[in-house]
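Peer 1: Please read through the structure below; I'll follow up with questions.
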Amino acid sequence: MLSEKVENYYRHRRVLVTGAAGFLGSHLVDALLEAGASVVGVDNLVTGKLKNLKKALTSPHFEFIQADVTQPPTSYLDKATNSNFDLVFHFASPASPPRYQEKPIQTYLVNSLGTHLLLSWLKETNPKARFIFASTSEVYGNPEIHPQPETYWGNVNPNGVRSCYDEAKRLGETICGVWERDFGLDVRIARIFNTYGPRLDPDDGRVVSNFIKQAKLKKPLTIYGEGTQTRSYCYVLDLVVGFLKLASLPDLKGQTINLGNPEEYTVRETAQIIWSTINPDKKLRLKFKPLPKDDPVRRRPDISKAKKLLGWEPKIDFRTGVRLMVGGRDV
Ligand code: UDP
């Protein structure tokens, strides 16, 4: 899936990944190792799971450090062995609405203070390294513009139930901008839209994981509100290709790029697709629950910029991805 040019870039690079045991972080670690990089993964295991790193932990080119990135990097990185990095991917954060709302303080700290500490340490130790920040479509809040291009500034409730995450990611982006503009670091921001695939925690409360779990148990699928709200789902391995391109291509310093799949589905359509994949002979049953506060009505990425600057677009449609995900392939 990767071009030779992108693969070659990673050979013998030293890469730091925060949130390495998470859903996205662990797939990124696997892809980096496969491309020939040597990777240090950091995670405090608040929402990440060591089992996600099962494959990586067998590699001699991978080192795992259990640590909290809201502490200075010098407190968890051994100076002699692993303080030199070509790339840092800052992916640590709870990401599902129920989980980040359970851990609001960790969520806002890891995206704000964590980002600040990593960038100020990078400036001292590896000023030429590239820093990739995992931002989110949540920076667009409940968007008034559809689909959402990177130029849209968003419509976010600054003191709402989602703000510990979306405002923290916005502040994370602000901090990235300061260190890029004022201190010259090569910072790049990925605005990540809804993602699914193997290793998505079945208990993380997101729509795809809930529906798959409920459909496997042949229970009614829980629709919040009317189910007319929309989301656009990207298969995780498509997304990882986008990360590898964003980090490796030249001349992207200071760029913010949407990464997601522009196919858009209502929550009811999502339910139908997941149910019929798992239970093709049974009639779908739904159970309606109240719509959570500040739940965005529509969400779909405008990926023109990713197509133009990265030559990237997703390849796996939602039906295929759901089949791959429930097919039980341990990837
Ligand atoms: N949702 C739902 N049933 C569920 C879980 C989520 O109808 O069991 C809805 C939720 O209200 C939202 C959409 O599905 O409109 C996507 O929710 P998710 O938590 O996956 O992520 P979000 O995009 O809101 O961050």
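Peer 1: Among the helices (runs of 4 or more DSSP H) contained in region 97-198, which hold 1 or more residues that are within 30 Å of residue 211 (Cα to Cα) and within 16 Å of the ligand (Cβ to nearest atom)?
Peer 2: Details: elements: 97-102, 104-111, 113-125, 163-181.
Here the list reads 97-102, 104-111, 163-181.
Matching residues to (1) surrounded by fewer than 20 Cβ atoms within 10 Å (Cβ to Cβ); (2) over 15 Å from residue 95 (Cβ atoms):
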residue	(1), (2)
148	no, yes
159	yes, yes
171	yes, yes
178	yes, yes
183	yes, yes
188	no, yes
197	no, no
201	yes, no
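Peer 1: Keeping to region 210-221, report how many residues are near the ligand (Cβ under 8 Å from one of its atoms) and either out of contact with any helix residue (DSSP H, G or I) (no Cβ under 6 Å at 6 or more places or on another chain) or modelled with pLDDT under 95 (or both).
Peer 2: At the first step, the residues of region 210-221 found to be near the ligand (Cβ under 8 Å from one of its atoms) are 210-211, 214, 221.
Restricting the remaining residues to those that are either out of contact with any helix residue (DSSP H, G or I) (no Cβ under 6 Å at 6 or more places or on another chain) or modelled with pLDDT under 95 (or both) gives 210, 214.
The total comes to 2.
Peer 1: While we're here: If you check residue 26 against the conditions, is it closer than 15 Å to residue 237 by Cα, surrounded by 15 or more Cβ atoms within 10 Å (Cβ to Cβ) and either at pLDDT 95 or above or not hydroxyl-bearing (Ser, Thr, Tyr) (or both)?
Peer 2: Values: closer than 15 Å to residue 237 by Cα: yes; surrounded by 15 or more Cβ atoms within 10 Å (Cβ to Cβ): yes; either at pLDDT 95 or above or not hydroxyl-bearing (Ser, Thr, Tyr) (or both): yes.
Considered against the rule, which asks whether it is closer than 15 Å to residue 237 by Cα, surrounded by 15 or more Cβ atoms within 10 Å (Cβ to Cβ) and either at pLDDT 95 or above or not hydroxyl-bearing (Ser, Thr, Tyr) (or both), residue 26 comes out as yes.
Peer 1: Please indicate, with yes or no, whether at least one residue in region 80-96 is touching a His at 6+ places or on another chain (Cβ under 6 Å), closer than 16 Å to residue 122 by Cβ and not in a loop (DSSP other than H, G, I, E, B). It would help to see each step written out before you state the result.
Peer 2: Filtering region 80-96 down to residues touching a His at 6+ places or on another chain (Cβ under 6 Å) leaves none.
For region 80-96, residues touching a His at 6+ places or on another chain (Cβ under 6 Å), closer than 16 Å to residue 122 by Cβ and not in a loop (DSSP other than H, G, I, E, B): absent.
Peer 1: Let me ask something else. Of all the helices (runs of 4 or more DSSP H) wholly in region 226-331, which have at least 1 residues that are within 16 Å of the ligand (Cβ to nearest atom), of a type in the set (Phe, Trp, Tyr) and closer than 19 Å to residue 213 by Cβ? Can you show your working first?
Peer 2: On the way: elements: 236-248, 267-278, 304-310, 318-326.
Answer list for region 226-331: 267-278, 318-326.
Peer 1: Being without any contact (Cβ under 8 Å) to a residue 40 or more places away in the chain and acidic (Asp, Glu) is the requirement here; does residue 204 meet it? Even if it seems obvious, please write down each step before you answer.
Peer 2: On the way: without any contact (Cβ under 8 Å) to a residue 40 or more places away in the chain: no; acidic (Asp, Glu): yes.
For residue 204, the condition - without any contact (Cβ under 8 Å) to a residue 40 or more places away in the chain and acidic (Asp, Glu) - is not met.
Peer 1: If you scan region 9-29, which residues turn out to be within 16 Å of the chain's Cα centre (by Cα) and without any contact (Cβ under 8 Å) to a residue 60 or more places away in the chain?
Peer 2: 21, 29 - these are the residues of region 9-29 that are within 16 Å of the chain's Cα centre (by Cα) and without any contact (Cβ under 8 Å) to a residue 60 or more places away in the chain.
Peer 1: For region 85-108, which positions are among the hydroxyl-bearing types (Ser, Thr, Tyr) and out of contact with any strand residue (DSSP E or B) (no Cβ under 8 Å at 6 or more places or on another chain)?
Peer 2: Within region 85-108, 96, 100, 107, 108 qualify.
Peer 1: Pick out the one residue from 321, 225, 242, 260 that is among the small types (Gly, Ala, Ser), more than 23 Å from the chain's Cα centre (by Cα) and closer than 25 Å to residue 97 by Cα. Quick ask: steps written out before the conclusion?
Peer 2: On the way: 321 fails: more than 23 Å from the chain's Cα centre (by Cα); 242 fails: more than 23 Å from the chain's Cα centre (by Cα); 260 fails: more than 23 Å from the chain's Cα centre (by Cα).
Just a single option satisfies the conditions, and that option is 225.
The values are calculated or read from the model by the stated rules, or taken from the named source; none is laboratory data. Source: prediction; values computed, not measured. Every residue, glycine among them, receives a Cβ derived from its backbone with ideal geometry; neighbour counts consider all protein chains shown.
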